[in-house]
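Undergrad: Below you will find the structure I want to go over with you.
Nothing in this text is a laboratory measurement; each read-out follows from the coordinates by a stated rule. What you see is a predicted model, and the numbers here were worked out from it, not measured in a lab. So basically every Cβ, Gly included, is an ideal-geometry build from the backbone, and we count neighbours across all protein chains shown.
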Amino acid sequence: MSCFALHIAEYERTGRIGSTANYQMAYRMLTRYLGGSKLYPEQFTAEWLERYERWLLARGLGTNTIVFHLRYLRAVYNRAIESGLFPATSGNPFYRKRIKQVATRKRALPRETLRRIYDADLSAMHPKYALARDLFMFSFYTRGMSFVDMIYLRKCDISDGVLTYKRKKTGQMLSLRIEAPLQEIIDRYDSDSLYVLPVLNGDDSYRAYRQQQRELNKFIRKIGELLEISEPLTFYVARHSWATLARDCGTPLTIISAGMGHTSERTTRVYLAQLDHNVIDRANRKIINL
């Protein structure tokens, strides 16, 4: 268990918020399974791992959620071996253990739906509805900026009409010119805050960020329901939508990859391949209609 704590502390120290949260989630699930007892190196066997996996399955967790917990557990185990906290001679419980995520169908929104989200009159509703919508459009206008990067985006990250930020997920630096629709959102939320979007209201702790993330996720999902969008609306949909529209407009793969901050075009190919269902379905419909 101390191996997990060390791993989490390292990610907290380097400011990798998303990874820290993921390791904490995996850690909490493991401690729940152990029920307060300790897990010693000699107990961590392939058989123990099978029992843990069956316990996760019995809790009704989906395949990808179980994969999530096993992957982070494996990462901590591998680091423990490298650091000498676990004896390498005890046998790797993950040997021949296949941990593969099931591909989920990603949905991107067509231009007409994006326009409906942009035009939706939310003035009579709770202010968080309008904020959630603006964050969604902000992400779209910034080539799919993640929620955490938007929330912690500082005013000093903007200079001469150019926005420059470091992705918290990868540490990669990205820059983009601020177009008029994006500037409108920035101006709308201008305040004394250090941040471009003062969502955290003076408390920029990780706990406050997670609370706002959970709350705003609910509001953006409700907007999708109000507009009768068939698939659940999330902030990540904005990223998928930007990538798909860029492709449909004939944007070269190299530019899409660079714009999204992917470290290789292979990642972008896999990313876009998951979005091709609608294109293929439309082509099939045209052929059938002939």
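Undergrad: For K166, which of the numbered conditions (1) within 22 Å of L114 (Cα to Cα); (2) surrounded by 13 or more Cβ atoms within 10 Å (Cβ to Cβ) fails to hold?
TA: Looking at each condition in turn, K166 falls short on (1).
Undergrad: Pick from segment 112-126 the residues that are out of contact with any Phe, Trp or Tyr (no Cβ under 8 Å at 6 or more places or on another chain) and under 16 Å from F235 (Cα atoms): which of them is surrounded by the most Cβ atoms within 10 Å (Cβ to Cβ)?
TA: T113
Undergrad: Which one of these is farther than 20 Å from L216 by Cβ, out of contact with any His (no Cβ under 6 Å at 6 or more places or on another chain) and crowded, with 18+ Cβ neighbours inside 10 Å: L153, L135, L131, L174?
TA: L174
Undergrad: Also, I was wondering about something else. Can you name the residue in segment 26-38 that is touching a helix residue (DSSP H, G or I) at 6+ places or on another chain (Cβ under 8 Å) and of a type outside the set (G, A, S) and, of all such residues, is nearest to A80 (Cα to Cα)?
TA: Y27
Undergrad: Looking at segment 38-66, which of the residues that are aliphatic (A, V, I, L, M) and closer than 16 Å to R96 by Cβ is surrounded by the most Cβ atoms within 10 Å (Cβ to Cβ)?
TA: L49
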